[in-house]
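The values are calculated or read from the model by the stated rules, or taken from the named source; none is laboratory data. Values in this document were obtained by computation on a predicted structure and should not be read as measured data. All Cβ positions, even for glycine, are placed from backbone atoms using ideal geometry, and neighbour counts span all protein chains on display.
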Amino acid sequence: MKTGGDFRKLSRVFALVILIFSIPLVTICLHVAELWQVRHEWPSTIGTVSRVSQKGWWDDGEKRYCFLEYQYNAGGKERVSRRIHPRDKSITPYFYMLRGVKKGDPIKVWYQNDDPGQPVVNAEYMRDRFAMLMAFSGFIVMLATMIVKEKQWQKYLNSFSTLMALNYSGSQPLPSSDIITDRGDYIKLDTGMSVFWNTGIPYCFASFAAMFGMISFLPAINSDWTLLHYLYYMGANWFVALLFCFIFRKGFDHSLVLDDRGKIIREMRTLFFKSTEVSYKYSDILGIETYRGKWSADNSLPNPVLFLRTKLNRSLFISCRNRDIQPAIEGYLQIVKQRLEYFLSR
C-alpha cells in the first residue's frame, strides 16, 4: 500500500521533471526577449553585402564557417562583419535569407551603441520557439496537476488513518470530505475524474494540438509576424486549452448515492453537460469487489479497482481508470468496501 512517504517521493519526482522542462522554457523566453531587444532597442543602419555563400567558407581568424559578409557604418567608422544572428550557433533556420541576397545588395544591420562591432542582420522570430513554448507549458501543467492529485490523495488517506489503524467493521461512518458524505443513513461518493484527468490531460492535449497547428500552417520564419502576433496566437490557444478544461470539469461527472431510507443506490452521471440518473435496489447488488488487473504476467497493476457488481450485468465503479478522484489505494478502498458492505447488509 502506498504511504505518505510514497506520495511525497512521487511529488518530488514530478517536481524535478517540471524543473527539467522549465529550463528550455526559460531559455526560449530569454531568446525571444533578446530578439525583441534587438528589434526595438538597437539602432539600425543600411549596410552592403560584400560576400555571400550557401556552402560557406572557413575563417581562420574566427575559427568557424562563415556564410555572409557585409559592410556597414556605425560609431563613425566603416566596419565589416560576418555575424548573422544574435546566436550564430543556431543560424541554420536563417539560411533562407542567404538565398535572397547577392553581392552588392543593401542589407539592414542592427548594432549596439556600446559595442557596434557585434551587429546582426537577422532578428526574425522563429515559429518553432513559440510552438515549443506551448508544448512545454502544456506538459508542465499536466505534471503539476499530477502533483495536486497526489497531494489530494494523501489528504484523503490521512483522514482515514484512524479507521485504518482499527479493526474496522463498517459500522462507523466514513470521515466526510469533498469526495465523501456519510450521514449514517446516506452515503454520497464522488466517483468522477481527478484534477489530473479533468484539467491536466485536456490542457496538455489542447497545447500539443495548438503546437501541431502552428507547425502545420505557419512558415518556420514569418517575416510579417511581430512578437505581438505570436503572443495573440498563443493567448488564443491557451484560452482554448482552458475552455477544454472547463468542459471536462463541468461537462463530465459521476457519483454514487446509497440511501438507506429507500434501500436504493442512485448513479448520477453528467456527459457533455447532460445529466442522467439510474436507480438500483439493494437487492440488485450481487457484491462489492476489488480487482487488480495484470500489467504483465508477473506483475499486477499498481492501482486496484473497487466496484459494485449488479444483476443487470453492469458494474458501478467507485475507482477505475481515469475516474480516479477516489484514491486507488488498497487500504483506503478496503475501508470504503467494508462500509458499503455493512450499509447494504442492514
Query raised in the report: Pick from segment 266-302 the residues that are assigned to a loop (DSSP other than H, G, I, E, B) and closer than 26 Å to Ile247 by Cβ: which of them is farthest from the chain's Cα centre (by Cα)?
Result: Phe273
Report summary line: Exactly one of Val278, Val240, Val257 is closer than 20 Å to Trp197 by Cα and either in contact (Cβ under 8 Å) with a residue 12 or more places away in the chain or buried (at least 20 other Cβ atoms within 10 Å of the Cβ) (or both), and that residue is Val240
Query raised in the report: Residue check, Val305 against (1) surrounded by 14 or more Cβ atoms within 10 Å (Cβ to Cβ); (2) touching a Leu at 6+ places or on another chain (Cβ under 6 Å), all met but one. Which one?
Result: (2)
Report summary line: Note on Tyr232: of the conditions (1) modelled with pLDDT of 95 or more; (2) outside any strand (DSSP E or B), unmet is (1)
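Quick one: count up the residues across segment 293-346 that are of a type in the set (D, E, K, R) and free of Cβ contacts under 8 Å to residues at least 40 places away in the same chain.
Kept after step one, since they are of a type in the set (D, E, K, R), are these residues of segment 293-346: 294, 298, 309, 311, 314, 321, 323-324, 330, 337, 339, 341, 346.
Adding the requirement that they be free of Cβ contacts under 8 Å to residues at least 40 places away in the same chain leaves 294, 298, 309, 311, 314, 321.
Number satisfying all stated conditions: 6.
Collect the residues in segment 166-207 that are assigned to a helix (DSSP H, G or I) and either in contact with a helix residue (DSSP H, G or I) (Cβ under 6 Å, 6 or more places away or on another chain) or surrounded by fewer than 14 Cβ atoms within 10 Å (Cβ to Cβ) (or both), keeping them in residue-number order. Walk me through it before giving the result.
Taking segment 166-207 and keeping what is assigned to a helix (DSSP H, G or I), we get 195-207.
Listed by number, the residues that qualify are Val195, Phe196, Asn198, Thr199, Gly200, Pro202, Tyr203, Cys204, Ala206, Ser207.
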Query raised in the report: With respect to the numbered conditions (1) in a helix (DSSP H, G or I); (2) touching a Ser or Thr at 6+ places or on another chain (Cβ under 7 Å); (3) modelled with pLDDT under 90, which one is the sole condition not fulfilled by Arg129?
Result: (2)
**Report entry** Residues of segment 308-323 satisfying the condition of being surrounded by fewer than 22 Cβ atoms within 10 Å (Cβ to Cβ) and either in contact with a helix residue (DSSP H, G or I) (Cβ under 7 Å, 6 or more places away or on another chain) or part of a helix (DSSP H, G or I) (or both)
**Finding:** Thr310, Lys311, Leu312, Asn322
Report task. Report yes if Gly61 is modelled with pLDDT of 85 or more and part of a loop (DSSP other than H, G, I, E, B), otherwise no. Result -> no
Report summary line: Within segment 185-216, the count of residues that are closer than 25 Å to Phe317 by Cβ and free of Cβ contacts under 8 Å to residues at least 40 places away in the same chain comes to 0
